[in-house]
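Remarks on the structure that follows.
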Amino acid sequence: MSSHNNHHHYRYKETIDDYNGDSRDDHEAHELLKAPVDFDGPTRDRYCTDVLCLFFIVLAWVIMTGLGVYAVQNGDYRHVLFPLDYQGNICGTDYNGVEMVDYPYLLYVNFYTGGVCAAECPQLAGETADSLTDMQTLVTYGGIFQGPDAQLSEDFVQLSPHYQSMVTNTTTIDDNNNLNFQCTMETCFGSDDTNNSSDPRQSWTSPGVNQGFGMAYYVGDTYPLFQRCFLTKEADDQIAAYIGDDAVSSFPWTPASSFFTESSQQFFTNLYGDLWEARWYILGFGFGASLFVSLIYMALLRIPCLLTGVVWGSIALVISLFGFVGYYAYTTATEWSQLDKPPVRSDQISYTFYASYICMGISLVMLLFAICLRSSIQLAITCVQHGGAAINAMVMLLFVPFSQVCGFLAFWIVWMWFGIHLASLGSIEMKTYPIPGSDLEVTIRVYSYDDFTEYCGWYMLFCFFWTAGFIGAFGNMIVSMAVSTWYFTIDRQVSSFTVVNSIFTTSRYHLGTCAYGSLLVAIVQLIRAIITRFQKRVAQLTNQNIARCLFCFCQCCLCCVEKCLKFINKNAYVQCAIFGTPFCESGRKAFFLILRNASTVGALGMVSGGVLWIGKVVISTLTTTIAYYVMTSYMELSLHSFAAPCLTIFILSYIVAGMFMSVFELSILTVFHCYIADQEMFDGRARYADGSLKDWIDKNSTASTVESNDRSSSVAISTYKR
C-alpha cells in the first residue's frame, strides 16, 4: 500500500464531476464508502492517531497529581470526614486548640445529632446483665452521670475531659450565652431520691433525657459507622421495652442543617442501621451473586436455540415478579393496618402501600408494552443473536468491563484522596442553629474557599469526567476492534487472542482518539455541572422563575448534546477500529454513514436496547429475590425492614448486569455498523455478511439501504448540476 493510502484508508465514489469545494459536507453526505485497495478487514497499516489529545490528557493527570500532592501536604482530611460534637469541635483532631485527638468517635446524646467525642464506641457484651444497656448510666453534654444502681464502671465510657470543664452542676447560661448542663437525679432520672434508682419511665420523660431530645441518653451497645456510634437494634428494642415506648429509635446521622421530623429521623436511623447490619449480605449478593447470575444469563443468551425462550421468559418473569411483589406488599400492609397493635409504625405501613401500588403499576405498564411491541421484541431478539455470535467466538470480551472497573476504581481512590484534602483547604466556620421548642442548638460546618482552591476543585471535577470517559472509550475501542475483526473475517475463525490483539493495537495507536472523544463529552459534563451550581444558587432566591426556566432549558439541551456525542463517539470508535483514522475523520464518516442508512439503523439498531434492559432487570430482580429469601429464611438478622438492604442489592446487581450487557450492546452496534459499511464498500453485496444476517437485515429494514442511497445520490447529482 502506498504512503498516500496509509493515511487515507478508504475513498469514496465520485458521483459529481463538477464538485464544488464549498459544498463538501453536503457532497460527502451522499457519497458511498469505497473499500481500500486489497481490503481484507480492519487495516493493518496503522499510525498513532490524535497524539496531541493523548499528550493533553497525560498533562492533565500530571497537573492533577501536582495539585493533589499540594492538597495532601497542606490539608487535613479529618476536618472533612471526622464528626462534630455539639460545640463544633472536630472529634479526633486538635482543631481550634481543643484537644480531641484521642477521642475520634461521636457518641450521640439526642436525636438532633448532638453528641460528644469518645475514645471508642461502647460495646456492652458481657458488661451488663442483658449485655445491651445500662439504664442507670447516662452520657451527657457534661460527661458521664450514673445512678446508684449503675452496672458499668465510671470510666467505662471514655469521653473527653473537655466536657467536664465546660459545665456546672446544674443547667445554667454562662457569660457567652452558651447552655451548660450537668445531670442530677432530679433532672435526668425524675427523682430526688439518691438512694434508690428511679423508674426508667420517669427518666425517659425527665428534662434531661426528654424522650431522646434532651442533653442526656442511656449508654447502650453500639457499633461504629463512619466514626459515629449507633445503637444496635437489640439495644434499641431493649430500651423501648424498659420504658414502654415503641417510638424509641437509635440516634440518626443526618445533615445537621436540616431539621427533620421525628418520624424522618427514625427512618434514616433505621436505614443506616439496617444497611450496616446486612452489610456482608449486601456485598455478597450485590457483587458475588449478581456476577454468578449474570454469567449464567449471558451464557443462555449465547445459545441461539434458547435465546427466544430466554428473552420472552425474562419478560414474563419480570412482569410476574413486579406483580407478585406488589401483591405481597399490599396484603402485608393490609394485615398490619388491621391489627390493634401493628408490629411497625404507621408511616412504614403507608410506605408499604405506596410501594405495592408502584410495583403493580410497573407490572401493568410492562405487560401493555410487551403486548403492543411484541413484533419489535422479536426483532430485537434476532439483533441480540447476531451480536452474541461475536461474543461466542471471543469469550474474553466479557472480561473487558472488569478491566474498566478496576481502572476506574484505581483512579477514583486516588482522586477521592486528593479531593478530600483539597476540600479541607477551605476556611471552616461553625454555625449554630437553635432547635425550635428547645434550649438545644445544632452546630454545623460551613466552608469558604479562595478563588485558587475553587478553581482547583473545578479542575479536579473536569479531570474526573475526562478520565472516566477515557476509560469507557478505551473499553469501547477494544470491543469495536475485536468485533469488527470478527465480522470481516470470512470464515469467522477468531478467538480470544483477537481481544488481546485489540488491546495491544488500541494501546499502541489509538489512545489519543479515546482521549479526544472523551474530552468532548467531559467538556459538556463540566458545563452542566457549572449550570447546576448556578441552579442551586438561583433556587435560594425568590421570584426567579424565569432564570430557573432558562437554566432548566439549558440543562435539557446540553443533556441532548451529551447523548448525541456519546452515540457519535461509539460509531467513531468503530470507524477508527476498521480504518485506523483519527477521531474527527472517523466521527464525520460515521455520522454520514448512519445518516445515509438511517432506516436500517432505526429499525434494527435501536430495538435491541429494550431486550438488553430486560436482561439487566432480570438479573438484578433474581439476585434480589434470592437475597431476600436467604436473609428471611436462613439468616438471623435483626433488621427494622428488609427494604433498604434489598434495594441496595438491586442497585448493585443492576450495575454489575449493566457491565455485561454493555458488551452485548456495543457488539450489536459494531455488527450493524460493519454491515452497512460492507454494503456500501461492495455495491450493496455485503461481501463479509453471512447469508442469515444479510437476509434478515434486508427483510426487516424499512427500505432497501442501497436503493435509498442510490436515490439520494441521484437527487444530489441533479441538484448540483442545476
Give the order of T43, T334 when sorted by the count of other beta carbons within 10 angstrom, beginning with the fewest.
T334, T43
Highest mean packing first, using Cβ neighbours within 10 angstrom, the peptides 410-416, 285-291 sort as 285-291, 410-416
What's the ranking of 130-141, 393-404, 508-519 by average number of surrounding C-beta atoms within 10 Å, highest first?
508-519, 130-141, 393-404
Under Stokes-Einstein, with the Kirkwood radius over Cα pairs standing in for Rh, what whole-number D in µm²/s applies to region 450-599 at 20 °C and 1.002 mPa s?
122
Hey, rough spin-label estimate for C372 and T65, points 7 angstrom out along Cα→Cβ, what's it come to in nanometres?
5.5
Here the FRET efficiency for D94 versus S495, based on Cβ atoms and R0 = 51 Å and rounded to 0.05, is 0.25
Using the Karplus curve 6.51 cos²θ - 1.76 cosθ + 1.60 with θ = phi - 60°, work out ³J(HN,Hα) for each residue of region 134-139 in order, rounded to whole Hz, and write x for Gly and Pro.
9, 6, 9, 10, 10, 9
Based only on Cα atoms, what mean projected area does the convex hull of region 322-395 have, in nm²?
7.5
Packing-wise, with mean Cβ within 10 Å as the measure, how do 227-240, 94-107 rank, highest first?
227-240, 94-107
Taking a ≥ b ≥ c as the square roots of the eigenvalues of the Cα gyration tensor, with a/c under 1.5 meaning rounded and otherwise prolate when a/b exceeds b/c and oblate if not, region 280-716 is oblate
Taking only the alpha carbons of region 287-439, what extent do you get along each of the three principal axes, in Å, biggest first?
72, 54, 28
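Quick note: the coordinates plus some simple rules give every number you see, no bench work behind them. Note that this is a predicted model, so its numbers are computed, not measured. No Cβ is skipped: glycine too gets one built from the backbone with ideal geometry, and neighbour counts run over all protein chains shown.
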